[in-house]
Amino acid sequence: MKISQPLYKNALSLLILALGLGLIWLSRAPTGLAQQQAAVQTGFSAPNFSLETLTGQTIELQSLRGQVVLVNLWASWCPPCRAEMPAFQRAYSDYRDQGFAILAVNSTVQDDLAAAQQFVTEHTLTFPILLDREGTVTSLYQVRALPLSVFIGRDGKIREIIPGGPMDEALLRARIEKLLTEMP
Amino acid sequence: MLPILQIGPLALQAPGLAILFSLWLGLTAAEKFAPRRGIHPETLANLVLVALFSGLVGARLAFAAQNSAAYLASPLSLLSPNASALDAFSGIAAALIIGIIYAQRKNLPLWPTLDALTPLFATLAIGIALANAASGAAYGMETDLPWGISLFEAKRHPTQLYHFGLTVLTLLWLAVKSKDSTLLPGSLFWQLVALISASILLVESLRADSPLLPGGFRALQIVAWLALALALWVLRPKSN
């Protein structure tokens with residue numbers, strides 16, 4: 001019996017759709033797709049680091065687990081870095097009591113420490129300023145341009161990476177508020 | 001991954017560049033193709049620009065509405081170039097609605113217009129694949145295959161490149177098919193929908209960051225299957 005062209009093509013379409021359904025079934029991920037490793041990408045644990053601050057303290061990122069953290073890599077010669085700092089200070093003042101922390105990592109390996117110190121003093125920045133003297137965090141977070149802002153949730157996983165700037169204050173506050181409302 | 005392109009003192013965001021370039025290239029191709037579908041190229045270009053602008057404005061306004069307190073305190077942020085401050089779904093909806101209204105006012109016929117836009121849609125799909133490759137988004141599951149790439153502390157399927165390859169093949173198929181003068185209006189558009197949906201259906205199964213539904217079903221696969229089913233139904237040959 002000769003199969004007509006339309007019948008053949010319709011049967012082929014049905015076969016394609018059936019195979020598609022099979023693929024959907026086989027590629028389910030019932031246990032989720034959570035990533036356990038640390039990597040600089042949304043959904044992964046933020047790579048840990050430990051650095052000395054301007055005031056001589058040592059702060060480790062992992063010690064802030066349970067808080068919403070903004071890791072911001074910056075340098076004093078970088079205009080967008082300088083432009084967004086006042087907004088960061090206002091947000092830090094408003095949200096720190098709700099469990100928000102900022103780690104402003106100065107890429108000291110490519111900056112002048114005195115200039116960075118002067119900038120912090122001029123703008124009365126009260127959040128921790130960490131000094132990346134060896135460039136380890138700059139390299140760990142694959143910084144190719146400054147500033148780089150990394151939003152980390154209470155579970156230590158990266159929620160968003162924003163390269164470049166300056167970040168506008170409304171976006172900053174929107175992101176912080178969204179993360180603060182997440183269940184710990 | 002190449003999120004930033006350093007050209008002298010300029011640090012350009014590669015994903016954004018990929019999208020912009022594909023939009024420009026796709027629109028140029030669509031304008032050249034439009035007369036073959038009886039559409040005036042300038043009208044088509046205006047339609048695209050109006051839809052794009054509406055989409056951007058809609059996306060920003062929707063994001064601001066969802067975060068009204070932040071924007072009331074800092075209204076100038078509405079004009080910020082930050083691409084993160086956009087609501088994608090609202091933007092697409094706004095672009096579609098305003099685009100349809102504009103097309104109706106210009107008396108543009110639906111199916112020939114969609115056919116004329118297929119080069120833009122296909123090129124944009126390629127741009128999205130390249131943008132994902134640049135940013136590392138839509139990354140693949142771990143694999144031992146020899147062509148696996150080292151990404152995020154593991155050897156993974158190069159899903160962005162799979163997607164890129166399939167979308168390039170789609171564009172080539174459409175380029176060949178577009179020379180067929182016997183094609184019914186809308187046929188080219190629905191072939192594009194079928195091919196892009198099929199490629200999403202395939203590539204999503206290898207993604208490690210797919211949005212999931214209850215039961216672990218991959219949301220984009222479901223949407224792609226439905227779109228594929230609709231396209232195949234529209235394209236079905238009718239018996240005499």
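A compact table of results
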| quantity | calculated |
| --- | --- |
| Value at 222 nm in deg cm²/dmol, rounded to 500, when DSSP H runs of n ≥ 4 in chain B each add -39,500 (n - 2.57) | -21500 deg cm²/dmol |
| Under 25 Å from A:K157, Cα to Cα: lysines that are on another chain or at least 8 residues apart | A:K178, B:K155 |
| Relative contact order of the range A:56-132, pairs being alpha-carbon contacts under 8 Å that are 6 or more residues apart, as % | 38 percent |
| Kyte-Doolittle at least 1.6, axis length at least 30 Å by Cα - qualifying DSSP helices, chain A | none |
| Sorted by Cβ density within 10 Å, fewest first, the residues A:W25, B:W225 | A:W25, B:W225 |
| Which of A:V69, B:V176 has the fewest Cβ neighbours within 10 Å, and the rest in rising order | B:V176, A:V69 |
| Burial ordering of B:E142, A:E169, fewest other beta-carbon atoms within 10 Å first | B:E142, A:E169 |
| Value of Rg/Rh across the range A:78-184 [Cα atoms, Kirkwood radius] | 0.94 |
| Over the range B:40-192, relative contact order from alpha-carbon pairs under 8 Å, at least 6 apart, % | 22 percent |
| Under 13 Å, Cβ to Cβ, from A:T108 - net charge with Lys/Arg +1 and Asp/Glu -1 | -4 |
| Value in Å of the Kirkwood radius, where the range B:124-240 supplies the Cα pairs that are averaged | 15.6 Å |
| Residue among B:K179, B:K32, B:K155 with the largest mean-square fluctuation in a Gaussian network model of chain B, springs linking Cα atoms under 10 Å | B:K179 |
| Antiparallel DSSP beta bridges within the protein assembly as shown, as percent of all bridges there, nearest 5 | 70 percent |
| Top of B:L161, B:L72, B:L172 by mean-square fluctuation, Gaussian network on chain B, Cα under 10 Å | B:L72 |
| Where chymotrypsin sites (Phe, Trp or Tyr not before Pro) fall in DSSP loop in the range A:66-161, at most 16 other Cβ within 10 Å | A:W77 |
| Cα-based Kirkwood hydrodynamic radius, chain B, one decimal, Å | 19.8 Å |
| Radius of gyration and maximum dimension Dmax of the range B:26-158, Cα, Å | 19.2, 55 |
| Residue-averaged beta-carbon neighbours from other chains (10 angstrom radius) around A:25-37 | 5 |
| Helical segments meeting 30 Å axial Cα length and Kyte-Doolittle 1.0 threshold in chain B (DSSP H) | B:41-66, B:110-135 |
| Cross-link reach list, aspartates and glutamates versus B:K32, counting only Cα pairs under 14 Å and skipping chain neighbours closer than eight places | B:E42, B:D115 |
| Most fluctuating residue given options A:A29, A:A87, A:A170, as computed from a GNM of chain A linking Cα atoms under 10 Å | A:A29 |
| Residue pairs, from the table A:K9/B:K179; B:K106/B:K179; A:K9/B:K106; A:K9/B:K177; B:K177/B:K238; B:K106/B:K177, whose Cα atoms sit over 29 Å apart | A:K9/B:K106 |
| Share of Cα-Cα pairs in chain A lying beyond 23 Å, as whole percent | 49 percent |
| More than 29 Å apart - percent of Cα-Cα pairs taken over the protein assembly as shown | 54 percent |
| Alpha-carbon Rg with Dmax, taken over the range B:23-76, Å | 16.8, 51 |
| Rel. contact order, % - alpha carbon contacts under 8 angstrom, at least six apart, the range A:121-167 | 27 percent |
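Laboratory data are not the source of any read-out in this text; all were calculated from the coordinates shown. Since we're looking at a predicted model, the values are computed, not measured. Here Cβ is always computed from backbone atoms with ideal geometry, including for glycine, and neighbour counts include all displayed protein chains.
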